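Written below as structure tokens is the structure these notes are about.
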Amino acid sequence: MKHSTQRLLAVGAFGVAAALALAGCSSGGSAEPSESGGLTPVTLQLQWLSQAQFAGYYAALAEGYYKDEGLDVTIQEAGTDTVPIDVLAAGDADFAISWVPKVLGSIEQGTNVTDIAQIFERSATTQISFKDAGITTPEDLKGKKVGSWGYGNEWELFAGMQKAGIDTSSDITLVQQAFDMNGFLAGDIDAAQAMTYNEYAQVLETVNPATGELYQPDDLNVINWNDVGTAMLQDAIWADADRLESDSDYADTAVQFIKASIKGWVYARDNPEKAAQIVTDAGSTLGTSHQLWMTNEVNKLIWPSTSGVGTINKDQWDQTVDIALKTKNDTGSTIITTDPPKTAYSNTYVEKALKELKDEGVDVMGDSFAPITVTLNEGGN
């Protein structure tokens, strides 16, 4: 497939990195004022390469929001062998972006980190199929070839199937899905994992051989785990829990970093085309239409906000923990075996940031948010 390289670059943000060994990373910031300019150096570790999944952070950097808060921020991309939360725990970054369920497993293994801002309120993980497969609900997955990336990306899928009464050890044919949509397009998978902001678009960027035109949404059925009730929290800002407790400067920096990052996400909400261009200018290799699609879809995961963007809502946290405790994957494992410690998340820092933003007149709820219409081109160009 001529666009396979682009697809491989785009998918890793969803978690293959979290399953692999940690490679060497550059040193993170000290979260203390630098000698030059009086700005506090801060390093943010992403969970994949530069792309619009992280548009808010790039916008905050480009628009000077971090500098306004006294921060000199370096955005550190990840690779296939980078585990963001390990980079944070090793002191090679000050903050990191990662999915909640993946970090819960690390916390149970002894990593002391805290979710200080839950940026994505909704899950982007779906299971897609072609209309003629007749798969519209999790119950319909029984007897089908079901694709799964694994590597910590499978939990919502398995929770959804088990909630539907499917014995995931015998009632489906589990297919190890590559981090692209080639197997699905070839007919080797009846229902494939797809992120709304990436793999779903990859299908819509592909020519349907039956029509000679690009596939359309009407050609597909989508199982959305938010609707099913097995969604888990995804992209969050994580901080070092020990440093939050012992270092007041670091705790203050956390508030400043969250505040500026939220302003970046507000910018991406209100200026999706400009935000997509900012990420492109930062070095993303994704095509123009795909980048804008990703910005638009990520905005839907954030806006409108239930309690103010970044707030960790207890019901959503509890649902994520419940699935992490009770759902077994194809190996018979669960993510965690005991409830996470109270330090696993805190609204203390985001609430301070939100108060300052509200006092400044920033709309942190986005009640009037409306997504734009994005026209995809072949290959995302």
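Using C-alpha pairs below 8 Å separated by at least 6 residues, the relative contact order for the stretch 159-292 is 13 percent. Its alpha carbons considered, the stretch 287-335 gives a radius of gyration followed by a Dmax of 15.9, 41 Å. Remark: relative contact order (the stretch 94-198) = 35 percent; criterion is Cα-Cα distance under 8 angstrom and separation of 6 or more residues.
Separation of the stretch 304-327 and the stretch 136-198, taken as the distance between their Cα centroids, equals 23 angstrom. Gain on full extension, evaluated as 0.36 nm per residue between A210 and Q109 minus their Cα-Cα distance, stands at 31.3 nm. Quick query: amide H of D235 versus all other amide H atoms, modeled in the peptide plane; which residues come in under 5 Å with a sequence gap of 5 or more or a different chain? It is F120, by chain and number. Axis angle, to the nearest 10 degrees, between helix 288-302 and the longest C-alpha principal axis of the chain: 70 degrees. Seen from all directions on average, the stretch 74-144 presents a Cα convex hull projection of 7.7 nm².
Roughly what would the spin-label model give for D218 and K67, points 7 Å off Cα along C-beta, in nm? Distance between label points: 5.0 nm.
Annotation: amide H-H contacts under 5 Å for L71 (H modelled 1.01 Å from N, sequence separation of 5 or more, or interchain): T40.
Could you tell me what percent of the accessible area of the stretch 303-381 is made up of carbon and sulfur, with a 1.4 Å probe and every protein chain present?
Numbers: 2030 of 4310 Å².
Carbon with sulfur: 47 percent of the solvent-accessible area.
This model, with +1 at the C-beta of Lys and Arg and -1 at the C-beta of Asp and Glu, gives the stretch 116-232 a dipole about its Cα centre of some 220 debye.
Between helix 314-326 and the chain there is an angle of about 50 degrees, using the helix long axis and the longest principal axis of the Cα atoms. Largest GNM mean-square fluctuation among N198, N153, N182, using the chain with Cα springs under 10 Å: N182.
Given the stretch 235-381 reduced to its alpha-carbon atoms as identical point scatterers, what log10 I(q)/I(0) does the Debye formula return at q = 0.14, 0.15, 0.16, 0.20 Å⁻¹? Rounded to two decimals, the profile gives -0.88, -0.96, -1.03, -1.18.
Between amide H atoms placed 1.01 Å from N, distances below 5 Å from A90 occur with no residue 5 or more places distant or on a separate chain. A full extension of the chain between K358 and K328 corresponds to an added length of 6.6 nm, given 0.36 nm per residue minus the alpha carbon distance. 3J(HN,Hα) along the stretch 119-135, derived from phi through the Karplus expression 6.51 cos²θ - 1.76 cosθ + 1.60 where θ = phi - 60°, amounts to 5, 8, 8, 10, 7, 9, 7, 9, 10, 10, 8, 7, 3, 5, 7, x, 9 Hz, with x in place of Gly and Pro. A crude spin-label estimate for the pair K163 and T343, with each label 7 Å from Cα along the Cβ direction, gives 3.2 nm. Taking all C-alpha pairs of the stretch 156-227, those more than 18 Å from each other amount to 45 percent. Using the 1.4 Å probe convention, the accessible area of the stretch 102-206 works out to 31 Å² per residue with neighbouring protein chains retained. Distance between the modelled labels on T375 and N313, one decimal in nanometres: 3.5 nm (7 Å Cα→Cβ projection). Pairwise alpha-carbon distances in the stretch 198-301 exceed 15 Å for 75% of all pairs. Radius of gyration over Kirkwood radius for the stretch 91-231, both on Cα atoms: the Rg/Rh ratio is 1.02. Using C-alpha pairs under 8 Å with a sequence gap of at least 6, the mean separation divided by the residue count of the chain gives a relative contact order of 25 percent.
Our coupling estimate for the stretch 70-83, obtained by passing each phi through the Karplus curve with A = 6.51, B = -1.76, C = 1.60 and θ = phi - 60°, is x, 10, 10, 9, 10, 9, 9, 6, 9, x, 5, 10, 9, 9 Hz, Gly and Pro reported as x.
Calculate what fraction, in whole %, of the accessible area of the stretch 93-235 sits on carbon and sulfur atoms when a 1.4 Å probe is rolled over the protein chains.
Carbon and sulfur atoms account for 45 percent of the accessible area of the stretch 93-235.
Highest mean first, how do 128-137, 113-122, 276-285 rank when packing is the count of other Cβ atoms within 10 Å averaged over residues? Don't skip to the answer; put the middle values down first.
Numbers: 128-137: 16.2, 113-122: 24.5, 276-285: 19.1.
Top to bottom by mean Cβ count within 10 Å: 113-122, 276-285, 128-137.
In the calculated pair-distance distribution of the stretch 330-381, the portion above 16 angstrom amounts to 72 percent of the Cα-Cα pairs.
Rounded to the nearest 0.05, what FRET efficiency is calculated for D132 and S368 with R0 set to 45 Å and r the Cβ-Cβ distance?
Details: r = 39 Å, r/R0 = 0.86.
Working from the Cβ atoms, E equals 0.70.
For the chain, the alpha carbon convex hull comes to 127 Å³ per residue, rounded to a whole number.
The values are calculated or read from the model by the stated rules, or taken from the named source; none is laboratory data. On a predicted model such as this, the values are computed, not experimentally measured, just so you know. Neighbour counts run over all protein chains shown; Cβ positions are idealised from the backbone, glycine included. When the accessible area is computed, the model is the full protein with side chains, heavy atoms only, and any ligands, DNA or RNA have been set aside. Shrake-Rupley method; radii C 1.70, N 1.55, O 1.52, S 1.80 Å.
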